[in-house]
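Asks: Submitted below is the structure of interest, expressed as structure tokens.
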Amino acid sequence: MSYSGSGQDGGVWRSGGGVPPHAFDPWMQPELFRGVLTRRVFAFLIDLVVLSVPVILAVIFIFVFGLVTFFLGWWLFGLITPASIIWAVVYYGSSIGGPHSGTIGMRMMDLELRTWYGAPGYFVLGAAHAVLFWATISFLSPLVLLVGLFNGRRRLLHDMVLGTVVINSSVRTQVTPAARAY
């Protein structure tokens with residue numbers, strides 16, 4: 001694979017088929033995908049706890065504030081839903097876009113998110129990953145998890161759409177690190 005930065009093509013990647021190969025092959029590196037789906041479920045549950053603690057604290061604060069202000073502060077309850085959505089998008093975007101390429105739950109379960117060509121995650125990818133996951137889970141319910149059972153990389157529907165792969169970070173030392181994609 002080579003890069004041509006000048007000439008008539010305007011600087012494009014060249015490989016056998018014109019597309020860079022997948023960085024993670026489930027047949028050559030099966031240890032990267034072993035137990036990923038189970039770990040993802042537990043990572044999701046841990047992330048739900050991490051996401052819900054500040055929201056619960058905000059609800060308690062607004063309730064007490066409403067009592068102190070003779071029920072006027074309870075108008076702030078209308079901000080809980082939009083603030084929760086913003087909090088979740090920022091949490092997923094910043095944690096997947098961070099140096100570990102994974103949320104707190106993913107790190108606890110030794111998982112990390114990578115692009116299909118091996119680069120670590122970035123903020124917009126993390127935010128889009130969360131939004132697309134919640135959208136697919138809303139429409140397809142838990143059936144979205146069945147997609148992961150029928151492919152070698154254990155990718156879910158939103159992973160396929162975004163071009164991401166979740167791998168075991170405990171065996172990542174065997175994988176060559178990719179350049180950061182900004």
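Asks: Under 5 Å between amide hydrogens, which residues at least 5 positions from LEU111 or on another chain qualify, with H placed 1.01 Å from N in the peptide plane?
Replies: It is SER169, by chain and number.
Asks: Further, regarding this structure: Find out how many positive minus negative residues lie around THR38, taking Lys and Arg as positive, Asp and Glu as negative, among other residues whose Cβ is under 13 Å from that of THR38.
Replies: Overall, the nearby charge balance is +3.
Asks: Let me ask something additional. Tell me the net charge near GLY105. Cut-off is 10 Å between Cβ atoms, GLY105 excluded, with +1 for each Lys or Arg and -1 for each Asp or Glu.
Replies: After counting each charged neighbour, the total is +2.
Asks: For region 56-92, state which chymotrypsin sites (Phe, Trp or Tyr not before Pro) are in a DSSP loop and have at most 16 other beta carbons lying within 10 Å of their beta carbon.
Replies: Those that pass, being in a loop and sparsely packed, are PHE70, PHE71.
Asks: Under the classification rounded if a/c is under 1.5, otherwise prolate if a/b is larger than b/c and oblate if not, where does region 118-159 fall, given a ≥ b ≥ c as square roots of the Cα gyration tensor eigenvalues?
Replies: It is oblate, given that a/c is not under 1.5 and a/b is not larger than b/c.
Asks: Let me ask another. First obtain the Kirkwood hydrodynamic radius of region 61-110 from its Cα pairs, then insert it into the Stokes-Einstein equation at 20 °C and 1.002 mPa s, and state the resulting D in µm² per second as a whole number.
Replies: Approximately 167 µm²/s, per Stokes-Einstein.
Asks: Please order HIS129, HIS158, HIS100 by the number of other Cβ within 10 Å, starting at the fewest.
Replies: Listed from fewest to most nearby Cβ atoms, that is HIS100, HIS158, HIS129.
Asks: A follow-up question, please. Taking 0.36 nm per residue of sequence separation and subtracting the Cα-Cα distance, how much length would be gained by fully extending the chain between MET28 and VAL50, in nm to one decimal?
Replies: Gain on stretching MET28 to VAL50: 4.4 nm.
Bear in mind these aren't lab numbers, they're just calculated from the coordinates by the rules spelled out. Since this is a predicted model, take the numbers as computed values, not measurements. Neighbour counts run over all protein chains shown; Cβ positions are idealised from the backbone, glycine included.
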